[in-house]
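I have placed the structure first, in the form of structure tokens, so that the comments after it can refer back to it.
We did not get these values from a lab; they are worked out from the coordinates using the rules stated. All values derive from a computational prediction rather than experimental measurement. Every residue, glycine as well, gets a Cβ built from its backbone with ideal geometry; the counts of neighbours run over all protein chains shown.
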Amino acid sequence: MPMTDLLSLQKNFIKAHLGPGDRAVDFTMGNGYDTVFLSQLVGPAGEVTAFDIQPAALRSTAENLAKNNCPDNWRLICASHHRAKEFVTGKIKAGMFNLGYLPGAGNKKLTTMRTTTLPAVQNALEMLDDGGVLLVAVYPGHPEGALEGEELVKYFGTISRFQYSIAQFRMLNSPESPFFMVIEKKE
Ligand SMILES: C[S@@+](CC[C@H](N)C(=O)[O-])C[C@H]1O[C@@H](n2cnc3c(N)ncnc32)[C@H](O)[C@@H]1O
């Protein structure tokens, strides 16, 4: 895998923290590629809850899960991710945010917004189990994505290093390329 494939690289962090029987959340379901990835990692004894505000995302993800013969360990919720605590009981070992809009035929106006992304990420940090990991991928190539990224970077800079380790992975010579942040909750 080339180092520049940052979005594939992020999956390695999930694999290092998530295993059979664990609980995980896909905070931005989209077409379900991340939901499939999480479902296969946690296996039949695990649990994956995925959120999106667009019914089209739920349809597309259900098809993707079936096509990939995923175990019966997932729930698809049509609600904003800032409400995740209403639907997920107990701590999670991993969470993924792939911010932005639904790729393909989706409505590009239905992108993630700072007003809900920030509370959703704050809640996700609280939901994280000791030794758990959160991945947040940002697409700064569109205006809301750029602002969302700036606010998240600022917010993560305020979090206690004694409770969480937080790193950013970004192409320095391609500032509009997607980048991601890894948040690990210390044991
Ligand atoms: C870049 S896509 C996610 C890609 C996806 N993880 C995949 O594997 O295909 C971002 C998704 O976030 C969704 N979204 C936007 N606002 C949201 C919100 N407040 N809560 C949950 N999902 C939201 C969009 O509808 C879109 O489907």
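Values as computed for the structure displayed
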quantity: The chain, relative contact order [Cα under 8 Å, separation at least 6], %; calculated: 21 percent
quantity: Phi to ³J(HN,Hα) by Karplus 6.51 cos²θ - 1.76 cosθ + 1.60 over the stretch 71-83, Hz, x for Gly, Pro; calculated: x, 7, 10, 10, 9, 10, 10, 8, 7, 5, 5, 6, 9
quantity: Mean Cβ count within 10 Å, highest first, over the residues of peptides 161-173, 119-131; calculated: 119-131, 161-173
quantity: Tensor-based shape of the chain (alpha-carbon gyration tensor, a/c under 1.5 rounded, otherwise prolate or oblate); calculated: rounded
quantity: Principal axes of the stretch 82-187: Cα extent on each, largest first, Å; calculated: 38, 34, 21
quantity: Highest-MSF residue in the chain out of Lys108, Lys93, Lys11 [GNM, Cα springs under 10 Å]; calculated: Lys108
quantity: DSSP bridge orientation in the chain - percent antiparallel, rounded to nearest 5; calculated: 40 percent
quantity: The stretch 1-101 - Kirkwood radius from inverse mean 1/r over Cα pairs (Å); calculated: 13.6 Å
quantity: Exposure proxy ranking, count of Cβ atoms within 10 Å, fewest first, for Cys70, Cys78; calculated: Cys78, Cys70
